[in-house]
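Chemist: Here you go, one structure.
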Amino acid sequence: MKIFCEIMQERIQKILENTKLVNAVHEDFTHTFRQLGLSNFHAKKLSRNVLWLLGENKPLKHVETKILGMLERTRVRQKNGKTLTLPQILQEKLSNRADLIFSQIAPHLKGVSGKVLDFGCGDGQVTHLISEKLGLDVEGIDVKHYPASHVNVPIRLFDGKRVYAKPGTFSAAVITNVLHHEKENELILKELKRLKIKKLVIIETVPVGKTPKEILLDRERTFMNDHLYNRLFHSADIPVPGTYETAKGWVSRFKKIGYKVSHSQDLGFDQPTIRDSHHLLVFELMKKAK
């Protein structure tokens, strides 16, 4: 049985064999490096080097470590005179990520009464904002427990299969950029169905395109950006199975478990450093499913 890294590496190798995809990924990586302060020339050069290393016939973890070292050796002088590595600059650039996500989901949580679940809450910063700014009773759940230092809301571990709560415990759930990190995300949908949560507020990374072929290609482009952010910049052992769906695909899948869409919003490239397209979906539990 192939381990996860082997599956990811095979996917990367297949992408690198497609000239159209390589050009798109090179352009995206170059964009990211420019956003972090490199000149266009140096951004393009670094992008080419990263793609070249990813094509090496060596274990993926070895390649990822090598690329992270290269990113850490690349430094940019800031306006305040400090010189920072690219991972440090990225961390600063995305420091307001939780605030952005909160601003996107908050309007859809107003009027919610009862408990809220932040499913796949990460470091709990969004969970904390839901409690602090909206005054809602909220708890987070994630497969890893690493809350930010200022987070004081309850966060519990998720075993990847079951939320240990009775149906009707939660009135609403927030699920932001979680589903595409689960290889078997259908299991999450089944668990949400069991919990009978009245409202679901979801932000997902989505592939876009006018035709099925364009969507398929964009799915692989998105996977490479996901891999760049989650593994190359952080050397984190975060699953990147790339199980992306289009917005229409999610609407169809949630309908099958008893949810109707009440709001659909294309957020586009809302986080300019990494070129991932996001979509906001709000679902309501249909009466017949209660």
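Chemist: Does any residue of segment 262-270 turn out to be over 14 Å from the mean Cα position of the chain (by Cα), outside the structural domain of Thr74 (by TED's automatic domain parsing), modelled with pLDDT of 95 or more and surrounded by 15 or more Cβ atoms within 10 Å (Cβ to Cβ)?
Modeler: no
Chemist: Can you find a residue that is acidic (Asp, Glu) and modelled with pLDDT under 95 anywhere in segment 38-60?
Modeler: Looking for residues that are acidic (Asp, Glu) and modelled with pLDDT under 95, one finds at least one in segment 38-60, hence yes.
Chemist: What's the total number of residues in segment 104-124 that are within 10 Å of Phe170 (Cα to Cα) and small (Gly, Ala, Ser)?
Modeler: The number of residues fulfilling the criteria is 2.
Chemist: Further question: Look through Asn80, Asn57 and report the one residue that is surrounded by fewer than 18 Cβ atoms within 10 Å (Cβ to Cβ), out of contact with any helix residue (DSSP H, G or I) (no Cβ under 6 Å at 6 or more places or on another chain), of a type in the set (S, T, N, Q) and closer than 19 Å to Arg231 by Cα.
Modeler: Asn57
Chemist: Separate question: For Phe102, all conditions in the list (1) buried (at least 19 other Cβ atoms within 10 Å of the Cβ); (2) under 27 Å from Leu217 (Cα atoms); (3) modelled with pLDDT of 95 or more hold save one; what is the number of the exception?
Modeler: (2)
Chemist: Among the strands (runs of 3 or more DSSP E) lying completely within segment 33-148, list those that include at least 1 residues that are without any contact (Cβ under 8 Å) to a residue 12 or more places away in the chain.
Modeler: Because the criterion is at least 1 residues that are without any contact (Cβ under 8 Å) to a residue 12 or more places away in the chain, the strands (runs of 3 or more DSSP E) in segment 33-148 that meet it are 75-77, 83-85.
Chemist: So, of the residues in segment 239-261 that are within 21 Å of Pro107 (Cβ to Cβ) and touching a residue at least 24 places away in the same chain (Cβ under 8 Å), which turns out to be surrounded by the most Cβ atoms within 10 Å (Cβ to Cβ)?
Modeler: Going through the qualifying residues, I end up with Tyr259.
Chemist: Look through Ile141, Ile155, Ile130 and report the one residue that is β-branched (Val, Ile, Thr), touching a Pro at 6+ places or on another chain (Cβ under 7 Å) and over 24 Å from Gly249 (Cβ atoms).
Modeler: Ile155
Chemist: Now a separate question. Would you mind telling me which numbered condition in (1) more than 27 Å from Lys288 (Cβ to Cβ); (2) surrounded by fewer than 21 Cβ atoms within 10 Å (Cβ to Cβ) His180 fails?
Modeler: (2)
Chemist: Cβ contacts < 7 Å: first residue in a helix (DSSP H, G or I), restricted to segment 195-219; second residue aromatic (Phe, Trp, Tyr) and surrounded by 18 or more Cβ atoms within 10 Å (Cβ to Cβ), any location; separation 6+ or different chain. Result?
Modeler: Filtered contacts from segment 195-219: Leu195/Phe170; Arg219/Tyr244.
Chemist: For segment 14-32, what are the residues that are loosely packed, with under 13 Cβ neighbours inside 10 Å and either in a helix (DSSP H, G or I) or of a type in the set (Gly, Ala, Ser) (or both)?
Modeler: Result: Lys14, Thr19, Lys20, Asn23.
Here is a yes/no grid of residues against (1) of a type in the set (Asp, Glu); (2) outside any loop (DSSP other than H, G, I, E, B); (3) over 25 Å from Trp52 (Cα atoms):
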| site | (1), (2), (3) |
| --- | --- |
| Met224 | no, yes, no |
| Leu228 | no, yes, no |
| Pro239 | no, no, no |
| Glu245 | yes, no, yes |
| Gly249 | no, yes, yes |
| Phe254 | no, yes, yes |
| Lys260 | no, yes, yes |
| His263 | no, yes, yes |
| Asp276 | yes, no, no |
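Chemist: Within segment 32-87, can you find the residues that are farther than 26 Å from Ile3 by Cα and among the hydroxyl-bearing types (Ser, Thr, Tyr)?
Modeler: Thr32, Ser39, Ser47, Thr74, Thr83, Thr85
Chemist: Can you find even one residue in segment 110-122 that is more than 20 Å from Val282 (Cα to Cα) and of a type outside the set (D, E, K, R)?
Modeler: yes
Chemist: For Asp237, all conditions in the list (1) at pLDDT 95 or above; (2) acidic (Asp, Glu); (3) out of contact with any helix residue (DSSP H, G or I) (no Cβ under 6 Å at 6 or more places or on another chain) hold save one; what is the number of the exception?
Modeler: That leaves (1) as the condition not met.
The values are calculated or read from the model by the stated rules, or taken from the named source; none is laboratory data. None of the values given here were measured: they were computed from a predicted structure. Cβ coordinates were reconstructed from backbone atoms using ideal geometry, including for glycine residues, and neighbour counts include every protein chain displayed.
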